[in-house]
Amino acid sequence: METISIFDILTKEAPEHILQHLKLVLISLNIAILIAVPTGVLLTRKSFKKYSSKVIAVLNTAQGVPSLAIVAIFLNILGIGIVPSIVALTLYGLLPIAQNTVAGINNINYEVIEAAKGVGMSDKQVLYKIELPLALPIIIAGIQTSSVLIVGTAAIAELIGAGGLGRMIFLGITHFLPKYTLVGALLCAVMAIIFDQFFRILNIKLTRNYKQT
Amino acid sequence: MIRLKNVSKYYKKKEGAAVSNLNLHVEEGKICVMVGPSGCGKTTTLKMINRIIEPSDGNIYVNDKNVMEQNPNELRLKIGYVIQKIGLFPHYTVYENVATVPKLLGWKEEKIRNRANELLKIVGLSPQEYAKKYPNQLSGGQKQRVGVARAMAANPPVMLMDEPFGAVDPITRNQLQNEFLKIQKKMKKTICFVTHDIDEAIKMGDKIAIMCDGKLVQYDTPENILFSPKNEFVEEFVGSDRALKVLNLLKVDTILDTSLPKISIDTDSDVLKKLALKGQDHVVVLDDEEKLVGYIKLRKIVERRSLEKWDKYIKRYVSTIDEDSSLKNAMVSMLQFDVFNIPVISENGVYKGIVNFNMIKSYISEEYETNNIVDKVVG
Ligand SMILES: Nc1ncnc2c1ncn2[C@@H]1O[C@H](COP(=O)(O)OP(=O)(O)O)[C@@H](O)[C@H]1O
Ligand SMILES: [Mg+2]
């Protein structure tokens, strides 16, 4: 095993871990979006607005907890396996998306919202036709931050049995196989960069036509 | 028709009323301009009409229906609204902005397209050039035009306009005002128009509502506001240059001089000689479509040389003005170009007559002879 080349690790063993890692990231990121965007929207509605700073503050504090600690906490609550890993990763990705959804909607010029109401749009139409589209670039920027966070944390989630690139990294460490650790860490970094660039380019594409003035 | 009955608004119970016991009646097809210092409650009043703000007290009727008994969204679909800072949708093209209300009303695609293009033309933006642009690619004046077009899209009988021409330079504002008045001449909408600029109020209003501290001080025609201010506040607000403001009210066609002989480019030189012999000083030269070419100073030429090739003596006017312009516009042009005569032309360039500085002076002094402010104009 000590003689296996990096090339062999990349072609024979890595693909399975990459796929698993990707699966973890995509599932948690999607769940995080599904929870955080509606939560963010809710926090900008009239009746909930007063709670928004408190909720964001709580989430902010939670984000301050190191990812290793989050993973450890979920080991105790939900045990070992894929599900607790996904729960932990999802929670970890919530804040940037929720925060940016709130910021994105609150940043829209008041007169644009007033004009939308003034021409006769219902609250729902104002949300779907005006607020969400205008907040979208900032929401996507939040998703971008989240995705990078989740890619990194997913490697640590191997500690509660998540699998993925973390498995290669920890295998390398525990069995003194530095090549595995190196390949796993590099692939992890590459994946983070790819997610980052994907959302960055998506944002440029979406907003190239207009600017909020 | 818009009617406000004893309308009040208290934002906070402890503070005074932002609008207090307001009664106002805007007749069908007329423009009512609400004017007053900043913070006097103009915007609040306007927003209560389309229920962006709910009145604390009183009743508001639009076309004889109580607004409080209608669904706010349906009410707003029937009322054109131009807000103080325009508020174009930044992610919509000019076309999509204008098409907003028709789309909400569920019009057919084709009808929407025709209407949006028609409106863009009405507000002076070519659809080919502007339909696909985004608001951030437009100048201030162009944004205002789109804002007005969006408000008029579904042809609402009633329009609310909150300082619609506030954010542009004076020249553009003047142009937008003139164009809007032209549109209103045809459309005859019932309009509540807010401004803090008394000159704009005098120019745009069939009636002017002067407000102060949430109360209506005087509701009257522009003439009466200028000449019979109800109290010191109105007098002060209108300003000491009331006589000059009268010029805003009067259109150039009220004193248009059409007596100058008109000749065409191929008029025989004998005709010119005869005119000169009769003592005629100036003649106006028009082309065969009645469009202005220039003028000739007959006497000077006749004294010196023959008139065989008279067309080389044609001089151009340094400036012309539109037949819709006010006497104030005419005066401003005269001062700007240092001339005493300015020809008036129609929209398509047809010559209408001349306005003359002395005529403006004597008209004002005759018309408002009894009024002591006149000496300030002519004196
Ligand atoms: N949403 C609001 N909440 C509390 N006070 C307001 C609000 N809007 C306006 N006011 C107050 O009401 C008064 C009238 O304001 P407004 O109608 O905007 O005046 P204007 O349009 O004539 O400048 C001002 O004293 C202003 O501070
Ligand atoms: Mg205002």
Please verify whether B:Asn66 is out of contact with any Leu (no Cβ under 7 Å at 6 or more places or on another chain) and not aromatic (Phe, Trp, Tyr), treating the condition exactly as stated.
yes
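One line per residue, one yes/no per condition, for (1) under 16 Å from the mean Cα position of the chain (by Cα); (2) closer than 24 Å to A:Val190 by Cα; (3) modelled with pLDDT under 90:
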site: A:Ile77; (1), (2), (3): no, no, yes
site: A:Ile108; (1), (2), (3): no, no, no
site: A:Met121; (1), (2), (3): no, no, no
site: A:Gln125; (1), (2), (3): no, no, no
site: A:Ile130; (1), (2), (3): no, no, no
site: A:Ile140; (1), (2), (3): yes, yes, no
site: A:Ser146; (1), (2), (3): yes, yes, no
In the range B:2-22, what count of residues is obtained for those that are part of a loop (DSSP other than H, G, I, E, B) and touching a Ser or Thr at 6+ places or on another chain (Cβ under 6 Å)?
3
Starting from residues that are within 16 Å of ligand 1 (Cβ to nearest atom) and assigned to a strand (DSSP E or B), keep the ones in the range B:23-43 and report whichever is nearest to the other protein chains (Cβ to nearest Cβ).
B:Met34
Do any helices (runs of 4 or more DSSP H) entirely within the range B:229-307 hold 1 or more residues that are more than 19 Å from B:Ile354 (Cα to Cα) and touching a strand residue (DSSP E or B) at 6+ places or on another chain (Cβ under 6 Å), and if so, which?
B:232-238
Residue match in the range B:60-76 (condition: away from chain A (no Cβ under 14 Å), out of contact with any Cys (no Cβ under 7 Å at 6 or more places or on another chain), among the hydrophobic types (A, V, I, L, M, F, W, C) and open to solvent by less than 20 Å² (accessible area, probe 1.4 Å))
yes
B:Val94 meets each of (1) at pLDDT below 95; (2) away from ligand 2 (no atom under 16 Å from the Cβ) with one exception, condition (1)
Within the range B:116-134, is even one residue under 27 Å from B:Ile2 (Cα atoms), more than 14 Å from every other protein chain (Cβ to nearest Cβ), away from ligand 2 (no atom under 16 Å from the Cβ) and modelled with pLDDT under 90?
yes
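Residue-by-condition table, conditions (1) open to solvent by less than 40 Å² (accessible area, probe 1.4 Å); (2) in a helix (DSSP H, G or I); (3) of a type in the set (Asp, Glu):
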site	(1), (2), (3)
A:Glu16	no, yes, yes
A:Lys23	no, yes, no
A:Ile33	no, yes, no
A:Pro38	no, yes, no
A:Ile77	no, yes, no
A:Ile80	no, no, no
A:Ile86	yes, yes, no
A:Leu89	yes, yes, no
A:Gly104	yes, yes, no
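Residue-wise test of (1) in contact with a helix residue (DSSP H, G or I) (Cβ under 7 Å, 6 or more places away or on another chain); (2) within 14 Å of chain A (Cβ to nearest Cβ); (3) at positive phi.
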| residue | (1), (2), (3) |
| --- | --- |
| B:Ala149 | yes, yes, no |
| B:Ile171 | no, no, no |
| B:Asn178 | no, no, no |
| B:Lys185 | no, no, no |
| B:Thr195 | yes, no, no |
| B:Ile202 | yes, no, no |
| B:Gly205 | yes, no, no |
Looking at (1) open to solvent by 20 Å² or more (accessible area, probe 1.4 Å); (2) more than 17 Å from B:Ala151 (Cβ to Cβ), find the lone condition where B:Lys103 falls short.
(2)
Those residues of the range B:1-22 that are within 12 Å of ligand 1 (Cβ to nearest atom) and either aliphatic (A, V, I, L, M) or within 14 Å of chain A (Cβ to nearest Cβ) (or both) come to a total of 4
Those residues that are assigned to a helix (DSSP H, G or I), within 12 Å of chain B (Cβ to nearest Cβ) and closer than 21 Å to A:Arg208 by Cβ, I need them from the range A:106-144; list them, please.
A:Val112, A:Lys129, A:Ile130, A:Glu131, A:Leu132, A:Pro133, A:Leu134, A:Ala135, A:Leu136, A:Pro137
Among the residues listed as A:Ala154, A:Ala103, the single one being away from chain B (no Cβ under 14 Å) and more than 15 Å from the chain's Cα centre (by Cα)
A:Ala103
With the structure loaded, tell me whether B:Ile79 is closer than 30 Å to B:Gln218 by Cβ, within 11 Å of chain A (Cβ to nearest Cβ) and open to solvent by less than 30 Å² (accessible area, probe 1.4 Å) or whether it fails that test.
yes
Does B:Ile52 meet the test of being in contact with a helix residue (DSSP H, G or I) (Cβ under 7 Å, 6 or more places away or on another chain) and within 16 Å of ligand 2 (Cβ to nearest atom)?
yes
Scan the range B:44-77 for residues that are within 15 Å of ligand 1 (Cβ to nearest atom) and assigned to a helix (DSSP H, G or I) and jot them down.
B:Thr44, B:Thr45, B:Leu46, B:Lys47, B:Met48, B:Ile49
Just give me the residues in the range B:176-204 being in contact with a Ser or Thr (Cβ under 9 Å, 6 or more places away or on another chain) and either assigned to a helix (DSSP H, G or I) or more than 16 Å from ligand 1 (Cβ to nearest atom) (or both), in sequence order.
B:Asn178, B:Ala201, B:Lys203, B:Met204
Tally, over the range B:346-379, of residues that are modelled with pLDDT of 80 or more, open to solvent by 30 Å² or more (accessible area, probe 1.4 Å) and not in a helix (DSSP H, G or I)
5
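The values are calculated or read from the model by the stated rules, or taken from the named source; none is laboratory data. A quick note: this is a predicted structure, and the numbers were derived from the prediction, not measured. Note that we place each Cβ from the backbone using ideal geometry, even for glycine, and neighbour counts take in every protein chain shown. What goes into the accessible areas is simple: the full protein's heavy atoms, side chains included, and nothing from ligands, DNA or RNA. Shrake-Rupley method; radii C 1.70, N 1.55, O 1.52, S 1.80 Å.
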